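Structure first, commentary second.
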């Protein structure tokens, strides 16, 4: 974890929580929004339309642009297609970089619970358990996890090293316990 961002001296008002699918981005971002009185921006909510259709890229980018013009916010999400909009505006990134099997089991539990309880997602959608078990399908979150997990581990450090992102404080969590301890001290 980056020591310059110790929770007792947390100076940031525009945050991004990143990590692979199922790592807990939205959960942490929502907790931070309440604790620090920041607007909570969930990129999935800006992206997904009814029946799991997605908004066109230009409209999604416009939504992200509008949402991140506020002075105080926390964004949950990885959408590279809008990174050039909200990363320059952010002050810090919290990276949930957990072991693959930790994320896999968290994703499995979350997906099953959402399906079992018929949790309404972003006002219009529900989990379809069968589509997630089709590991070969792009509709499967587990397919997405295996497709992106290692790519994110390579890509994020490269992104952090770019000159245009040098202003960002990076807070790197490698276990959920480390994140929970940090959050409890905030």
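Determine whether residue 15 is crowded, with 17+ Cβ neighbours inside 10 Å, in contact (Cβ under 8 Å) with a residue 12 or more places away in the chain and within 18 Å of residue 183 (Cβ to Cβ).
Answer is yes for this residue.
Would you say residue 176 is under 14 Å from residue 107 (Cα atoms) and either buried (at least 16 other Cβ atoms within 10 Å of the Cβ) or modelled with pLDDT of 95 or more (or both)?
Answer is yes for this residue.
Return only the number of the condition from (1) at pLDDT below 95; (2) assigned to a loop (DSSP other than H, G, I, E, B); (3) out of contact with any strand residue (DSSP E or B) (no Cβ under 9 Å at 6 or more places or on another chain) that residue 78 does not satisfy.
Only one criterion in (1) at pLDDT below 95; (2) assigned to a loop (DSSP other than H, G, I, E, B); (3) out of contact with any strand residue (DSSP E or B) (no Cβ under 9 Å at 6 or more places or on another chain) is unmet by residue 78, namely (3).
For the range 149-171: of the residues being in a helix (DSSP H, G or I) and in contact with a helix residue (DSSP H, G or I) (Cβ under 8 Å, 6 or more places away or on another chain), which is farthest from residue 10 (Cα to Cα)?
149
Within the range 36-58, does at least one residue satisfy the condition of being over 26 Å from residue 109 (Cα atoms), in a loop (DSSP other than H, G, I, E, B) and touching a residue at least 40 places away in the same chain (Cβ under 8 Å)?
Scanning the range 36-58, I find no residue that is over 26 Å from residue 109 (Cα atoms), in a loop (DSSP other than H, G, I, E, B) and touching a residue at least 40 places away in the same chain (Cβ under 8 Å), so the answer is no.
The values are calculated or read from the model by the stated rules, or taken from the named source; none is laboratory data. Given the structure is predicted, the values throughout are model-derived calculations rather than measurements. Here Cβ is always computed from backbone atoms with ideal geometry, including for glycine, and neighbour counts include all displayed protein chains.
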